[in-house]
Amino acid sequence: MNAYIVKTYRTETSHIVRNAVSIRCSENFHGHSYVWETEINGPVKENGMVLDFKELQPIREFIDKFDHATVLWEKDSEKVKKFFMEECKRTLIMKKNTTAENMASLVFYFIAHWLRENHPSCICAKVKVHETITGCAIANQCDSDDVLIYCHNDKS
């Protein structure tokens, strides 16, 4: 028998969404209280579980990189990137624009690869990223551009 498990995480994250229709979003750094829902599908083992939630610690640690961090796009100006990398202790730079869709796809990419290496009988079914209480994005696939190209996170 196969089943799905869902684990939810929360972060406080800031970004700027270049090329957004909203001027407020495309020209100003702003933050959200993100809710990240991860869904994994796999066979139910003899212990009655697809995976023990404790086994999902690497996913929690990856998503935690976004908590109290600023997420930038690699195409942001060098001045902006330099400022955040030098002045902030938690900065991420994505290969893609920092939309909820791309963040969901990035996390999907991480989970899919982590499962393939550690739990090959399981797959990542989807990642849902709630950017606001009324809006979310869902990724059920990824591509090779779904990577972080810079990550500076302190432990605090």
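All of the numbers you see were taken from the coordinates with simple rules; none came from a lab. Everything numeric in this text was worked out from a predicted model, so none of it was measured. Cβ atoms come from the backbone with ideal geometry, glycine included; neighbour counts cover every protein chain shown.
Shown is the FRET efficiency for Ser121 and Phe53, computed with R0 = 22 Å from the Cβ-Cβ distance and rounded to the nearest 0.05: 0.85. Computed about its Cα centre, the charge dipole of region 102-156 is approximately 220 debye, with only Lys, Arg, Asp and Glu carrying charge at their Cβ. Pairs spanning more than 31 Å between alpha-carbon atoms, out of Lys54/Lys81; Lys95/Lys126; Lys95/Lys155: Lys54/Lys81.
Full extension of the chain between Glu27 and Asp154 yields a length gain of 43.0 nm, computed as 0.36 nm times the residue separation minus the alpha carbon distance. Listed values for region 77-85 are Karplus-derived 3J(HN,Hα) couplings in whole Hz (6.51 cos²θ - 1.76 cosθ + 1.60, θ = phi - 60°), namely 4, 4, 4, 5, 4, 4, 4, 5, 5, and x replaces Gly and Pro. Given R₀ = 30 Å, what would the calculated FRET efficiency be for Asn2 paired with Asp143, taking r from the Cβ atoms and rounding to 0.05? Efficiency computed from Cβ-Cβ geometry: 0.75. Using a simple spin-label model with points 7 Å from Cα along the Cα→Cβ vector, what separation in nm is obtained for Asn19 and Glu61? Going from the Asn19 label point to the Glu61 one covers 3.4 nm. Partners of Lys128 within straight-line reach, counting aspartates and glutamates whose Cα lies under 14 Å from its Cα and excluding those fewer than 8 residues away in the same chain: Glu37, Glu39, Glu101.
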